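What follows is a single structure, written as structure tokens, with notes after it.
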Amino acid sequence: MAARRHGKRPPKVLRMSVELPLWRALTGYRILTLVYTLCLVALSYRHYDHPLGAAAYMGVLTVWMVLTWRCTTSAERCTRQFLVADLGFAIGGILLTLVVDSHARIMDGGPTLPSIWTAGAVLGFAIKGGWRWAAVASAIVAVANLVERQELARDTIHNVVLVWVASVGLGYVVEVARSSERTLARALQIEAATRERERLARDIHDSVLQVLAMVQRRGAEIGGEATELGRMAGEQEVALRTLVAGGLVSPPGIRFGGAASAVPHPAGEGGREGTLAPAGAASASAGEPCDVRALLAPYAGAGVTFSEPGAPVALPAAAAAELAAAVSAALDNVRVHAGAEAHAWILVEDEPHAVIVTVRDDGPGIPEGRLADAEREGRLGVALSIRGRLRDLGGSAEWVSVPGQGTEVELTVPKGGAPGGGKRGKAGA
């Protein structure tokens with residue numbers, strides 16, 4: 001809808017098919033071999049016993065080609081009925097050679113009326129039905145050629161074997177290509193489903209899981225009846241984390257929240273609970289530019305120092321929102337693992353090919369192997385809310401942590417959706 005409002009046409013969807021070039025090649029082959037056969041019959045016109053019969057057959061074959069040339073341009077147009085009729089024209093021409101040509105020319109190895117055009121009919125069977133169809137069609141042509149020649153001549157056997165091998169080989173290749181295409185399509189579907197599951201898991205982590213964790217923590221602090229409520233929230237958090245980690249998330253179309261959701265964010269301003277996550281990108285279209293600074297500035301506070309360039313740092317609104325959500329998850333990790341007294345720094349850098357946001361803290365650092373253990377336990381803050389988001393944007397998220405000296409997270413998002421741009425060396429923690 002947005003593209004229509006701005007007068008832009010939606011991009012075309014390109015459908016890839018390994019068969020399309022083969023059908024085009026077959027169409028070209030049939031046309032070229034028809035021209036060759038017409039020239040061959042014209043040059044030998046006076047040598048036929050019944051030249052008018054040869055001319056009549058070539059005329060009918062030409063009309064057939066004019067009426068049906070589009071039938072070999074795609075698998076949908078090339079029906080079984082057409083293939084049978086096309087092969088019938090080839091077989092009829094081979095047998096008609098016995099009537100219109102002289103016995104001497106036939107025994108000398110003279111060409112049949114359809115000549116090499118016959119191979120096009122057999123190749124159509126190969127492309128449409130695979131090597132089994134090609135083998136049957138080749139066998140029928142072989143019988144017709146042997147009947148026309150009336151003996152097992154070397155050149156006839158040579159031509160028959162050549163057509164049979166070529167058509168069966170092409171049919172086998174087509175079957176393998178189709179199988180590979182189906183496998184690729186299935187792999188792309190699985191990848192798309194996996195990305196959708198990760199997206200939903202990130203939304204769940206950024207909203208439901210965070211709220212459950214906050215309820216559990218505050219329930220334990222308040223005591224009394226709230227303790228039981230906190231215990232139940234903790235159980236539900238564990239169950240939901242297990243569900244999300246196993247990939248059993250709700251189907252597409254059910255949103256639990258996201259980077260632009262107005263849910264209480266545990267990290268909050270300056271590390272305090274109860275503030276709202278930035279929603280600056282919620283009203284912008286996904287493709288419109290958005291200033292990253294405006295989305296990250298609300299995180300600044302007593303416990304968070306925010307440093308930004310003097311000029312706007314533009315990214316598409318959707319990419320900027322995902323980057324802000326990743327920063328929010330990184331700050332939440334600082335609050336949870338470094339403690340409420342830890343200080344965090346957010347640095348925004350506008351590089352020529354990428355936007356880089358660094359989140360650094362002065363906490364105790366991350367023990368070696370802790371990130372991998374957290375992912376196995378179903379803790380999705382790093383695996384999905386940070387690393388997964390950046391991967392979907394074509395960027396990267398890298399950690400540098402020294403025990404006792406804090407942790408630095410560098411988030412890189414390429415401009416224009418070009419992956420791999422804008423990386424730089426790491427600074428010390």
ask   = Taking the stated definitions as given, is Ala294 at pLDDT below 85, open to solvent by 50 Å² or more (accessible area, probe 1.4 Å) and either on the phi < 0 side of the Ramachandran plot or not small (Gly, Ala, Ser) (or both)?
value = no
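With modelled with pLDDT of 90 or more, surrounded by fewer than 20 Cβ atoms within 10 Å (Cβ to Cβ) and within 53 Å of the chain's Cα centre (by Cα) as the only criterion, which of Ala90, Ala121, Ala135, Ala126 stands out?
On the way: Ala90 fails: surrounded by fewer than 20 Cβ atoms within 10 Å (Cβ to Cβ); Ala121 fails: surrounded by fewer than 20 Cβ atoms within 10 Å (Cβ to Cβ); Ala126 fails: surrounded by fewer than 20 Cβ atoms within 10 Å (Cβ to Cβ).
Criteria check complete, one pass: Ala135.
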task = Return the only residue of Ile140, Ile106 being touching a residue at least 40 places away in the same chain (Cβ under 8 Å), in a helix (DSSP H, G or I) and either of a type in the set (Lys, Arg) or open to solvent by less than 50 Å² (accessible area, probe 1.4 Å) (or both).
result = Ile106
remark   = Subset of the stretch 42-60, residues open to solvent by less than 40 Å² (accessible area, probe 1.4 Å) and over 12 Å from Leu96 (Cβ atoms), comes to Ser44, Pro51, Gly59
key: One residue from Ala193, Ala187 being at pLDDT 75 or above, surrounded by 12 or more Cβ atoms within 10 Å (Cβ to Cβ) and more than 30 Å from Gly92 (Cα to Cα)   = Ala193
Positions within the stretch 87-110 being touching a Lys or Arg at 6+ places or on another chain (Cβ under 9 Å) and more than 10 Å from Glu148 (Cβ to Cβ), in sequence order = Met107, Gly109
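So, Ser207, is that one at pLDDT below 75 and part of a helix (DSSP H, G or I) or not? Full working, then the answer.
Working: at pLDDT below 75: yes; part of a helix (DSSP H, G or I): yes.
Considered against the rule, which asks whether it is at pLDDT below 75 and part of a helix (DSSP H, G or I), Ser207 comes out as yes.
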task = Could you tell me whether Val84 is closer than 25 Å to Val147 by Cα, surrounded by 19 or more Cβ atoms within 10 Å (Cβ to Cβ) and at pLDDT 90 or above?
result = no
task = Scan the stretch 70-82 for residues that are part of a helix (DSSP H, G or I) and either more than 28 Å from Leu98 (Cβ to Cβ) or not hydrophobic (A, V, I, L, M, F, W, C) (or both) and jot them down.
result = Arg70, Cys71, Thr72, Arg80, Gln81
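Looking at the stretch 109-137, which of its residues are of a type in the set (Ser, Thr, Tyr) and either part of a helix (DSSP H, G or I) or within 13 Å of Ser167 (Cβ to Cβ) (or both)? Walk me through it before giving the result.
Step one: list which residues in the stretch 109-137 are of a type in the set (Ser, Thr, Tyr), which gives 112, 115, 118.
Matches in the stretch 109-137: Ser115, Thr118.
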query = From the set of residues in the stretch 374-405 that are at pLDDT 85 or above and part of a loop (DSSP other than H, G, I, E, B), which is surrounded by the fewest Cβ atoms within 10 Å (Cβ to Cβ)?
reply = Gly394
request  = Give the number of residues within the stretch 310-366 that are closer than 18 Å to Ala397 by Cα, modelled with pLDDT under 85 and over 34 Å from the mean Cα position of the chain (by Cα).
outcome  = 3
request  = Can you run down the residue pairs with Cβ atoms below 6 Å, 6 or more apart or on separate chains, where the first is in the stretch 65-93 and under 20 Å from Leu32 (Cβ atoms) and the partner is polar (S, T, N, Q)?
outcome  = Thr72/Thr27; Thr73/Thr27; Cys78/Thr72; Ala90/Thr118
query = With (1) over 47 Å from the mean Cα position of the chain (by Cα); (2) farther than 21 Å from Tyr57 by Cα; (3) open to solvent by 60 Å² or more (accessible area, probe 1.4 Å) as the list, and Asn159 as the residue in question, which single condition is left unmet?
reply = (1)
task = Residue by residue through the stretch 144-156, note down the ones that are open to solvent by 80 Å² or more (accessible area, probe 1.4 Å) and assigned to a helix (DSSP H, G or I).
result = Arg154
key: Of residues in the stretch 143-172 being without any contact (Cβ under 8 Å) to a residue 12 or more places away in the chain and of a type in the set (A, V, I, L, M), the one nearest to Gly88 (Cα to Cα)   = Val143
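The values are calculated or read from the model by the stated rules, or taken from the named source; none is laboratory data. Values in this document were obtained by computation on a predicted structure and should not be read as measured data. So basically every Cβ, Gly included, is an ideal-geometry build from the backbone, and we count neighbours across all protein chains shown. The area values use the complete protein model at the heavy-atom level, side chains included, leaving out ligands, DNA and RNA. Shrake-Rupley method; radii C 1.70, N 1.55, O 1.52, S 1.80 Å.
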